[in-house]
Structures are given as structure tokens and as C-alpha cells.
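Peer 1: Here it is: the structure, laid out below.
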Amino acid sequence: MSTDVESEALTTALDLDRTQEPQPDPLIALAVRLLQEIGEDPNRDGLRETPERFARWWREFTDYDPGTVSTLFESTSTGQLVLVSGIQVWSLCEHHLLPFSCSITVAYRSGQRLLGLSKFARIAHQHAHRLQLQERLVADIAADVIEITGSQDVAVVGHGEHLCMTMRGIKTDARMTSTSIHGDFARTGPARDELLTFLHR
Ligand code: ZN
């Protein structure tokens with residue numbers, strides 16, 4: 001009798017074990033299917049581990065963790081123009097799932113709180129690690145900088161190069177500039193003049 005109970009308990013434990021086994025990432029099967037659809041043999045040398053790599057890279061890209069993005073310092077002087085340029089990010093165009101690179105410049109008028117310099121890059125990378133449009137990328141970054149710093153005067157400029165333009169379609173090298181400009185930077189006046197002077201340097 002006790003043996004039956006014990007073996008039943010064991011079976012249940014084994015069943016539980018089986019259900020908890022990690023399932024293969026469904027992206028692997030998707031990659032195998034993709035390779036077959038484009039006339040490749042997923043079992044040939046060189047492609048055998050490609051589906052796993054494909055799945056890993058997609059997970060890495062979409063599960064990106066930017067770390068802390070909101071570390072603020074008390075500012076001793078307010079009203080300064082802070083401009084951080086040359087933040088390079090890679091993202092994926094949501095229309096073609098092809099990469100685009102973008103050089104980001106973030107400017108804001110400092111208030112009581114200053115945002116740590118590395119945080120601008122973290123914010124930019126965070127919004128780049130999803131399917132994006134360049135216009136929305138700069139707008140998302142600007143919205144975060146406004147929210148975190150509390151400053152209304154924020155400008156974000158992106159210069160992007162899109163593989164969906166250089167590799168397909170019109171197949172030409174071209175750069176795209178998009179801006180998201182807020183507060184005094186968006187109105188004619190000294191703040192905007194100062195911003196433009198720095199942006200053109
Ligand atoms: Zn595209």
C-alpha cells in the first residue's frame with residue numbers, strides 16, 4: 001500500500017519535473033522555417049546553429065536592460081545649456097525589420113536637478129532596443145528627458161542611416177535627420193539661438 005503511494009508521489013514529482021523543463025525558444029522553429037522558405041537547408045554546415053543564434057540575438061535585443069536611467073544630482077547653478085552629442089545607437093526599423101544606426105544629440109536646460117551624463121546614452125539605448133521609427137526614437141528620448149529632469153526645454157536630434165534605404169528599395173546612401181524640440185528651444189528667442197549655435201558646431 002505504502003509503496004503505491006510512494007510510487008504515485010514519485011510519478012507526480014517526475015511529471016512536475018517534466019513540465020518545468022525549459023521549452024525550446026519558439027523563435028528557433030521560426031528561424032528554421034525562414035531558412036527553408038528562402039531555399040536554404042537548415043541542416044547544412046554553417047546553418048546548423050543559426051536558428052539558436054537567431055533566437056538568442058532577438059531575445060538579447062528585445063530584453064535589453066538599460067540599468068538605472070534616472071540618477072540625478074543636485075545642481076549648484078541652474079539655467080545652463082547641457083548638450084550631449086555622439087550617442088551612437090542601433091535600432092530596427094519597424095517597417096522592414098532592418099537595422100538603422102543613429103547618432104543622437106540630447107540638449108536640455110538644466111534646472112535644480114542634473115541628469116548623470118551616462119544616463120542619456122542609457123535612455124537612448126533603451127528606446128533603440130525595440131522596433132522603431134527614427135522620428136519616434138527621438139520623441140521617446142525627449143519625453144524621458146523631460147520627465148526625468150523636470151526641464152521643459154529639451155531637444156533631441158537624430159542623424160540616422162537606414163539599411164532599408166541603402167540595402168533595398170532605392171539602394172542609395174542617405175542620412176535622415178529628425179528632431180524633437182520642446183519648450184523655449186521650440187520658440188524663436190535666445191534659448192533657441194544658443195541651441196542652434198551649439199548644434200552647428
Ligand atoms: Zn525601413
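The values are calculated or read from the model by the stated rules, or taken from the named source; none is laboratory data. No experiment lies behind these values; they were computed from the predicted model shown. Here the Cβ is made from the backbone with ideal geometry for all residues, glycine too, and neighbour counts use every protein chain on show. Ligands, DNA and RNA are stripped out before the accessible areas are found, and what is left, the full protein with its side chains, is counted by its heavy atoms. Shrake-Rupley method; radii C 1.70, N 1.55, O 1.52, S 1.80 Å.
Peer 1: Within a Cβ distance under 15 Å of F185, other residues only, what is the Lys/Arg minus Asp/Glu net charge? Walk me through the numbers on the way to the answer.
Peer 2: Values: positive: R109, R187, R192; negative: D153, D184, D193, E194.
Around F185, the surrounding residues sum to -1.
Peer 1: Follow-up question, since we're still on this one. At 1.4 Å probe size, put L137, L114 in order of accessible surface, largest to smallest. Intermediate results must be reported in sequence, preceding the final value.
Peer 2: Numbers: L137 0, L114 55 Å².
Correct descending sequence by accessible area is L114, L137.
Peer 1: If you fit an axis through the alpha-carbon atoms of helix 2-20 and take the longest principal axis of the Cα set of the chain, what angle between them do you get, 0 to 90°, nearest 10?
Peer 2: Result, in degrees: 40.
Peer 1: How large is the accessible surface of I28 in square angstrom, using a 1.4 angstrom probe and rounding to the nearest 10?
Peer 2: That residue has around 40 Å² of solvent-accessible surface.
Peer 1: Heavy-atom accessible area per residue, segment 37-159, 1.4 Å probe: how many Å²?
Peer 2: On the way: 6380 Å² over 123 residues.
Using a 1.4 Å probe on heavy atoms only, each residue of segment 37-159 averages 52 Å².
Peer 1: Suppose accessible area is computed on protein heavy atoms with a 1.4 Å probe; arrange T78, T188 from highest to lowest. Don't jump to the answer; show the numbers that get you there.
Peer 2: Values: T78 80, T188 140 Å².
Accessible-area ranking of T78, T188, largest first: T188, T78.
Peer 1: Roughly how far apart, in whole Å, are the Cα centres of segment 155-177 and segment 29-59?
Peer 2: Comparing the Cα centres of segment 155-177 and segment 29-59, I get a distance of 28 Å.
Peer 1: Normalising by the residue count of the chain, find the relative contact order in percent from Cα pairs under 8 Å and 6+ residues apart. Provide the component values of the computation, followed by the final result.
Peer 2: Values: 303 pairs, mean separation 33.0, N = 201.
It comes to 16 percent, rounded to a whole number.
Peer 1: On to the next question. Name the long-range amide H neighbours of L92: under 5 Å, sequence gap of 5 or more, or other chain; modelled H, no Pro or chain starts.
Peer 2: Residues meeting the criterion, in which the H sits 1.01 Å from N, are F100, R130, Q132.
Peer 1: Please compute the modelled spin-label separation between E37 and L196, points set 7 Å along Cα→Cβ, answer in nm with one decimal.
Peer 2: So the two model labels end up 4.8 nm from each other.
Peer 1: Keeping all protein chains in place and using 1.4 angstrom, which order do C102, C164 fall into by accessible surface area, from largest down?
Peer 2: C164, C102
Peer 1: Could you identify which residue out of P190, P26, P99 has the top mean-square fluctuation in a GNM of the chain using Cα springs shorter than 10 Å?
Peer 2: Evaluated over the chain, the most mobile residue of the options is P26.
Peer 1: Moving on. Heads up, I need the accessible area for M176: 1.4 angstrom probe, whole protein in place, Å², nearest 10.
Peer 2: 60
Peer 1: Quick one: which of 57-64, 79-86 comes out on top by average Cβ neighbours within 10 Å, and what's the full order, highest first? The partial results should precede the final answer.
Peer 2: Numbers: 57-64: 11.9, 79-86: 14.1.
Those peptides, ordered most packed to least, come out 79-86, 57-64.
Peer 1: With only Lys, Arg, Asp and Glu charged, each at its Cβ (+1 for the first two, -1 for the last two), find how big the charge dipole of the chain is about the Cα centre; round to the nearest 20 debye. Could the numbers behind the result be given before it?
Peer 2: On the way: 19 positive and 28 negative charges, 265 e Å.
Dipole magnitude for the chain comes out near 1280 debye.
Peer 1: What percentage of the solvent-accessible surface of the chain, computed with a 1.4 Å probe over protein heavy atoms, is contributed by carbon and sulfur atoms?
Peer 2: Exposed carbon and sulfur together represent 54 percent of the surface.
Peer 1: Moving on to the next point. With every protein chain left in place and a probe of 1.4 Å, what is the accessible surface of T172, to the nearest 10 Å²?
Peer 2: That residue has around 60 Å² of solvent-accessible surface.
Peer 1: Measuring from the lowest to the highest alpha carbon on each principal axis, how far does the chain reach, largest first, in angstroms?
Peer 2: Projected onto its principal axes, the Cα set of the chain covers 87, 51, 22 Å.
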